[in-house]
Amino acid sequence: MIFYDGIYRLRHKRSSKASLINQDAFAWRIRLIDFTLSQTEIVHLKPIAVIAKQIGRGVFKSSCAESLGRQICRDFSLQVDHILWVEIFQDKSDQFYVATFTPKRGTDYHISFRPIHQNELKAISRFASDGLEFSDKI
């Protein structure tokens, strides 16, 4: 079941206000899915999926997981170990990639990406069949 479907924007580091730098280049469409709500009879190793796609113009140097991952996890009380983090990159908008989080120190992680596996694609397919396209403006 989808429990969040909206836009996250990267805020300017020097300001806690809503002032943003180049809003179009720093926005991601985020969809959060809880598999346990629709499949109660199954125990999931990764019960939550985060699907992210950069929207707007511009190319961002890092991924949503690197830029907003900590904030999204904090906002929704998510644990990295229990998340299937999937991203759709602008230059490869027809493909899904899965983030692998490797602990570095403390709460920091090294994040790498790999192509999505068939079973993962099958798990998210009914929740991401629209390709996370937005018809509305940022």
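The values are calculated or read from the model by the stated rules, or taken from the named source; none is laboratory data. No experiment lies behind these values; they were computed from the predicted model shown. As a convention, Cβ positions derive from the backbone with ideal geometry for all residues, glycine included, and neighbour counts pool all protein chains shown.
Summary of values
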quantity: Any hit, the stretch 21-36, residues being under 20 Å from residue 108 (Cβ atoms), of a type in the set (Val, Ile, Thr) and at pLDDT 90 or above; calculated: no
quantity: Long-range neighbours under 7 Å by Cβ, at least six apart or interchain, first residue closer than 14 Å to residue 88 by Cα within the stretch 99-120, second among the charged types (D, E, K, R) and loosely packed, with under 11 Cβ neighbours inside 10 Å; calculated: none
quantity: Filter pass, residue 117 being surrounded by 11 or more Cβ atoms within 10 Å (Cβ to Cβ), over 23 Å from residue 55 (Cα atoms), over 14 Å from the mean Cα position of the chain (by Cα) and modelled with pLDDT of 90 or more; calculated: yes
quantity: Check on residue 76, of a type in the set (Phe, Trp, Tyr), in contact with a strand residue (DSSP E or B) (Cβ under 6 Å, 6 or more places away or on another chain), at pLDDT 90 or above and surrounded by fewer than 18 Cβ atoms within 10 Å (Cβ to Cβ); calculated: no
quantity: Sole exception among (1) in a loop (DSSP other than H, G, I, E, B); (2) more than 16 Å from the chain's Cα centre (by Cα); (3) not β-branched (Val, Ile, Thr) for residue 91, by number; calculated: (1)
quantity: Count - residues of the stretch 104-117 that are more than 13 Å from residue 70 (Cα to Cα), part of a strand (DSSP E or B) and touching a helix residue (DSSP H, G or I) at 6+ places or on another chain (Cβ under 9 Å); calculated: 1
